[in-house]
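A.B. asks: This is the structure, below, for whatever I ask next.
Laboratory data are not the source of any read-out in this text; all were calculated from the coordinates shown. Computed from a prediction, not measured in an experiment: that's the story for all the values here. Counting neighbours? That spans all protein chains shown, and the Cβs are built from the backbone with ideal geometry, glycine included.
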Amino acid sequence: MLELRKDLPLHVLTFLYFLAAAAISLMVGAVDRFAPTVYFSLWMKSAALCLLIYLLVFEVPISVVGRSRRPLSDAIIRLWGRIKLRALPLLALLINLSIFYSVFTSVKNMLPIFAPEWRDLDIANFSQLLHFGYVPWRLLQEIMGYPTVTRFVEFLYLPVWLLLLVGLPVLLAVRRDLARLRVRYILTMFLCFIMLGNIVAALGMSGGPAFYAQITGDQVRYGELIDYLAFSSGLPFSAWDIQRYLWACFEADRLQLGSGISAFPSLHVSMATLFALAGRHLSLRLGRLLMLYCVAIFLGSVHLGWHYAVDGYASVLGTVVLWLLAGRVMRRSDSSKAAPAEELPRIGQDISVGSAPSATRS
């Protein structure tokens with residue numbers, strides 16, 4: 001019960017978000033776009049895969065180093081010993097996250113009802129003005145415009161990003177000693193999706209370079225970029241194929257996995273920023289690695305035609321502000337309870353037996 005109570009603010013926020021989205025769908029006559037369980041099966045399978053990866057990458061090597069005769073069996077027993085008090089709260093949190101993402105996709109598919117006017121022309125012009133008249137994708141094309149580089153970026157942008165999106169909450173959810181970081185991370189993530197992905201997205205409704213021609217009728221401005229990206233059609237994780245899929249869903253006005261078009265701000269960049277912010281509380285090396293990953297996702301979002309450069313700038317700024325806000329809310333909650341602040345330990349401590357927790361960073 002104590003473990004469940006630690007996650008209570010996250011469950012309350014998802015419940016309120018669910019109620020608000022359901023009410024909005026009723027008011028605008030879009031009940032068919034409200035699908036709060038559309039991600040349930042995929043999310044739970046992905047979470048199970050991440051637990052398996054955690055077992056193989058972290059727990060089995062500990063058994064091997066300890067010269068265990070049954071490294072896998074011992075790793076499973078040790079993992080269960082770590083999470084047995086978190087088993088029910090973990091399941092509840094995974095169900096919570098599957099509902100949250102499903103509700104977000106539902107609201108995202110309703111955005112054209114609230115914001116029927118696209119802002120792509122204004123955002124593209126502002127992005128070019130901000131870069132002193134240069135078009136950002138053309139600058140990046142000089143260094144990234146090679147099929148091998150583009151394919152690597154597509155790999156980082158989809159499967160690696162999804163693995164981190166699912167894997168980090170799972171890692172935080174199984175660890176009792178990471179309760180404060182877990183709540184701060186997931187609270188910030190929820191706020192990013194609601195504030196940036198719903199509210200700000202409705203105010204700056206745009207499709208991004210990939211759909212610029214369909215929205216504005218201008219086939220020239222980003223035509224060369226889209227023609228270049230078409231080389232990956234038919235290959236795994238092809239940005240060009242996914243963009244065609246999203247536009248087909250948009251034209252058919254149907255809710256599907258991942259459907260919904262809104263470019264400003266970029267939630268891909270927002271989550272990559274959040275990965276880095278949380279990662280530095282787990283270890284300095286991980287934080288630095290995830291910072292480099294964030295830069296790659298920011299550049300990749302422009303190179304792959306998903307976003308205008310200003311989409312990424314707004315996402316980084318908004319995510320950092322919401323991260324600091326979540327930290328401040330938690331500190332006020334701690335002070336109101338008159339309890340000492342819990343430190344945020346590094347993940348490396350779990351391997352080094354008996355190591356002391358490191359100091360908390362803001």
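A.B. asks: Could you calculate the contour length gain from D253 to I199, that is, 0.36 nm times the residue separation minus the distance between their Cα atoms, to one decimal place in nm?
C.D. replies: On the way: separation 54, 0.36 × 54 = 19.44 nm, distance 2.06 nm.
Fully extending the segment from D253 to I199 adds 17.4 nm.
A.B. asks: How about segment 78-181: which trypsin sites (Lys or Arg not before Pro) there lie in a loop by DSSP and see at most 14 other Cβ atoms within 10 Å?
C.D. replies: Working: sites: R78, R82, K84, R86, K108, R119, R138, R151, R175, R176, R180; in loops: R119, R175.
Listed in order of number, the matching sites amount to none.
A.B. asks: Radius of gyration and Dmax for the chain's Cα atoms, expressed in Å?
C.D. replies: Calculated on Cα positions, Rg and Dmax stand at 21.4, 66 Å.
A.B. asks: If you count, for each residue, the other Cβ atoms within 10 Å and average over each peptide, how do 289-299, 15-25 line up from highest to lowest? Could the numbers behind the result be given before it?
C.D. replies: Values: 289-299: 18.5, 15-25: 15.8.
In decreasing order of mean packing, 289-299, 15-25 become 289-299, 15-25.
A.B. asks: In a GNM of the chain with a 10 Å cut-off on Cα contacts, which of G167, G223, G234 has the highest mean-square fluctuation?
C.D. replies: Largest GNM mean-square fluctuation: G234.
A.B. asks: So how much slack lies between S68 and V28, counting 0.36 nm per residue of separation and subtracting their Cα-Cα distance, in nm? Intermediate values should be presented prior to the final figure.
C.D. replies: On the way: separation 40, 0.36 × 40 = 14.40 nm, distance 6.07 nm.
Contour length minus the Cα-Cα distance gives 8.3 nm.
A.B. asks: With a 10 Å Cβ neighbour count serving as the proxy for reagent exposure, in which order, fewest first, do F231, F104 appear?
C.D. replies: On the way: F231 13, F104 20.
Fewest-to-most ranking of F231, F104: F231, F104.
A.B. asks: Rounded, prolate or oblate: which fits segment 114-235 when a ≥ b ≥ c are the square roots of the eigenvalues of the alpha-carbon gyration tensor, with rounded for a/c under 1.5 and prolate only if a/b beats b/c? Please report the intermediate quantities before stating the final value.
C.D. replies: On the way: a/c = 2.46, a/b = 1.50, b/c = 1.64.
Taking the square roots of the gyration eigenvalues as a ≥ b ≥ c, segment 114-235 is oblate.
A.B. asks: Compute the FRET efficiency between L162 and M1 as 1/(1 + (r/R0)^6), taking r as their Cβ-Cβ distance and R0 = 45 Å, and round to the nearest 0.05. If you can, show how the numbers build up before the last one.
C.D. replies: Values: r = 33 Å, r/R0 = 0.72.
Efficiency, rounded to the nearest 0.05: 0.85.
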